[in-house]
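Take a look at the structure below.
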Amino acid sequence: MSKSEPWHAGFDVVDFEATPLSELPEDDGFHLICPVDGCEHEAEFDHLGEVRESGWTKLSRKDAILTDGTTLKEAYCPAHSLGDTQEMVTELREGLGVPLDTQNQQSTREQDKDEYAAFEFADGEVTLDGFLLTCGCDACYRQEHADALGDAERDGWVSGQMVGILADGQMLFNGRCPEHR
């Protein structure tokens, strides 16, 4: 991958601006890729529980939705998982890989907006534990907790942009409640 290509180059991702809501694919698990230069390890998981039980670590906050509904994320494969060993830290410092989410950080993050001031975002590694959707419509304070985005969508919610991972491990999404779809 060259420096000018996006991190998800080579994958068929959904263009949210050009795709009508009715044509968005249904949530269908996770596809993980390892960000270490030269590593071609990839893996697919049906839900976050499987990711937690695998040898993959440091799941990235950034994501892209593939056209088959799979959420594409970066995470370190079992061969490059970050442990407490000094050897791995030394290899990273020598350019073997770059810690996730230090690349392409924007100065104005979604979670810094006033509407998310009531949420405590993760500061470091947390165990992922489901999803929290908030309604992005003005003066609507509804929230929906779900194990999978598909569960919330079956209840009439529309998931939108991922805002961040909360301290309790839930992935926060800005969406629309059934009343404001």
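The values are calculated or read from the model by the stated rules, or taken from the named source; none is laboratory data. Model, not experiment: these values are computed from the prediction. Side chains included, ligands, DNA and RNA excluded: accessible areas come from the protein's heavy atoms. Shrake-Rupley method; radii C 1.70, N 1.55, O 1.52, S 1.80 Å.
Brief remarks on what is shown
- Compared with the alpha-carbon gap, the fully stretched path from GLU17 to SER54 is longer by 10.0 nm at 0.36 nm per residue.
- Carbon-plus-sulfur accessible fraction, the stretch 1-78 (probe radius 1.4 Å, protein heavy atoms only): 45%.
- The accessible area of VAL51, taken with all protein chains in place and a 1.4 Å probe, comes to roughly 10 Å².
- Counting only protein heavy atoms and a probe of 1.4 Å, the accessible surface of the stretch 111-176 is 40% carbon and sulfur.
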